[in-house]
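What follows is calculated from the coordinates using simple rules that are stated; it is not laboratory data. Computed from a predicted structure; not experimentally measured. Every residue, glycine among them, receives a Cβ derived from its backbone with ideal geometry; neighbour counts consider all protein chains shown.
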Amino acid sequence: RIDDRLDSTRSELADTRQRQKGALARLQEIDSERTALQGELDRLTTELDAAEAMLADAEQAVRSTQAEIDVNTAELTQTRTDLERQKDQVRARARATFMYGSVNYPEAVLDIDTANELGASLQYMRSLVSADQDQAQQIATLERKYEAAITRLEQLRRAQDEARTRRARERNRIADLVEQRQQVAARLRGQAAEHGAVLAGLEGDERRYG
C-alpha cells in the first residue's frame, strides 16, 4: 500500500536525519580532537628539536674535552720526563767526584796554595752553587707544572663524565619524545580516517535524499 510505503519512507528519513545530526556532531568532535592532537604533535616536535640540539652540544662537549684530555696527557707525560731528567742530573751531581772530593768548601779553600788557585776555585764553586740553584728552581717549576697538569686533567675528566651523562640523558629523552610523537601521529591518522568515513556517509545520504 502507498500509505505504508509513505510511512516507511518518513520513518527512514527521520532516522537518516537523526543519523546525520549525530554524524555532524561527531565531525565537530573529530575536528576538535584533531586540533588538540596537532597542537600536541607540534609541541613534541619542538621539544624533540630542542633535545636534539642539546644532544649535539653534549656530543661536542665530549669530543672537545677528550681532545683537551689528549693534549693535557701529552703535556703531563713530557713534564714528568723533564722532571725526572732534572732529578737524575741532581743525583748524578751528588755522586760525582770533583776536584775537591765532596766539594767541602771550607776544606777546599784551606787546601789552596796560590791566589790564582783561590780565585779560580772560588769562581768554580760559585758556578756550582749557581748551577745547583738554577736546577733546584727548574725542578720546583716543573713540579708546580706537573701538579697543575694533574689538577687540570682531573677537572677535564669530571667535565667529560658530566658531558657523557648529559648525552645519555638526552638520548633517552629523544627516544621517549620520538615514541610519543609516533603515537600522536598514529592517532591523527585514525582521526583523519574516521573523519573521511563520517563525511562519506553524510554525502551518501545527501545523494540519496537530496
In nm, to one decimal, how far is the residue 172 label point from the residue 42 one, both placed 7 Å along Cα→Cβ? 3.1 nm
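Can you tell me the FRET efficiency between residue 12 and residue 200 if r is taken as the Cβ-Cβ distance and R0 is 25 Å, rounded to the nearest 0.05?
0.85
How much FRET efficiency would the formula 1/(1 + (r/R0)^6) give for residue 157 and residue 134, where r is the Cβ-Cβ distance and R0 is 30 Å, rounded to 0.05? Intermediate results must be reported in sequence, preceding the final value.
Numbers: r = 35 Å, r/R0 = 1.16.
So the FRET efficiency works out to roughly 0.30.
Could you compute the FRET efficiency for residue 32 and residue 164, with r as their C-beta to C-beta distance and R0 at 35 Å, rounded to 0.05?
Values: r = 44 Å, r/R0 = 1.27.
The calculated FRET efficiency here is 0.20.
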Report ³J(HN,Hα) in whole Hz for each residue of the range 175-189, in order, from the Karplus equation J = 6.51 cos²θ - 1.76 cosθ + 1.60 where θ = phi - 60°; Gly and Pro get x. 4, 5, 5, 4, 5, 4, 5, 5, 5, 5, 4, 5, 5, 4, 5
